[in-house]
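Q: Quick one: the structure is below, questions incoming.
The values are calculated or read from the model by the stated rules, or taken from the named source; none is laboratory data. Predicted, not measured: the structure shown is a model, and the values here were computed from it. Neighbour counts are summed over all protein chains in view; Cβ atoms, including those assigned to glycine, are modelled from backbone coordinates with ideal geometry.
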Amino acid sequence: MILGITGAFGCGKSSVLHFFASENWHIFDADAVCRKFYDNKNTAVIAAVKEIFGSDVFAPDGSVDRKKIAGEAFVHPEKMQSLTDVMYPLLTEQLNSEINYCRKNKLNGAFEVPLLYEAGFETYFDAVLAVWAPEALRKERLHGRNFSDAEIERRNRMQIHADEKLERADFAIINTGNLDQLEQQLAELTGSLI
């Protein structure tokens, strides 16, 4: 089973991915993969970042300040689109490689891709799981991670609404309780998947 996992900002996708890792599924975290494109000093990515955002988004040591990029990208949709045009082909290549690895080795794979529908990746997976939580609870969680209301709103505007992701998905996890309740739902789901 190759499962795509998506959901809105603050729904708990990372907790869901952690559960699948604990169940020995092969996991893929699209955000972590994209961070590595910056961390590995990928010259094409660095050159594109400099061209799109200028030199202000680089720390004194030459590393990319992702927080500054996010601050710019979520305010200026044209910059977000330019960055997406650079990152998505790299992400798609990595995603295909990991999916092929799972299929070749007959492994169950859980792939967390926050912008799965926005990128048109849903056809890559055997099924899609949407993680959902109400907006007030998502905001509360994100405030706990030091995100402001303005930042949360900017990020939400760049994504398909949480309710639509829920409607389009094959499976859903309603993440409104504690971690034990989340894991109980996931255990029931995985029991039906494999």
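Q: Does segment 120-140 contain at least one residue that is crowded, with 16+ Cβ neighbours inside 10 Å, among the basic types (K, R) and over 16 Å from the mean Cα position of the chain (by Cα)?
A: yes
Q: To continue, here is another question. Could you list, in sequence order, the residues of segment 95-108 that are surrounded by fewer than 18 Cβ atoms within 10 Å (Cβ to Cβ) and either modelled with pLDDT under 95 or in a loop (DSSP other than H, G, I, E, B) (or both)?
A: Answer for segment 95-108, where residues must be surrounded by fewer than 18 Cβ atoms within 10 Å (Cβ to Cβ) and either modelled with pLDDT under 95 or in a loop (DSSP other than H, G, I, E, B) (or both): N105, K106, L107.
Q: Filter segment 109-121 down to the residues that are under 15 Å from F28 (Cβ atoms) and part of a helix (DSSP H, G or I), then identify the one that is modelled with the highest pLDDT.
A: L116
Q: I'm told W132 meets every condition in (1) on the phi < 0 side of the Ramachandran plot; (2) without any contact (Cβ under 8 Å) to a residue 40 or more places away in the chain; (3) not acidic (D, E) except one. Can you identify the failing condition by its number?
A: That leaves (2) as the condition not met.
Residues are listed down the side, and each one gets a yes or a no for (1) crowded, with 19+ Cβ neighbours inside 10 Å; (2) modelled with pLDDT of 95 or more; (3) assigned to a helix (DSSP H, G or I); (4) of a type outside the set (G, A, S):
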residue: G10; (1), (2), (3), (4): yes, no, no, no
residue: S14; (1), (2), (3), (4): no, no, yes, no
residue: L17; (1), (2), (3), (4): yes, yes, yes, yes
residue: Y38; (1), (2), (3), (4): no, no, yes, yes
residue: E51; (1), (2), (3), (4): no, no, yes, yes
residue: A70; (1), (2), (3), (4): no, no, yes, no
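Q: Hey, another quick one. Restricting to segment 143-194, name every residue that is surrounded by 11 or more Cβ atoms within 10 Å (Cβ to Cβ), more than 19 Å from the chain's Cα centre (by Cα) and among the aliphatic types (A, V, I, L, M).
A: Correct list: L179, A187, L189, L193.
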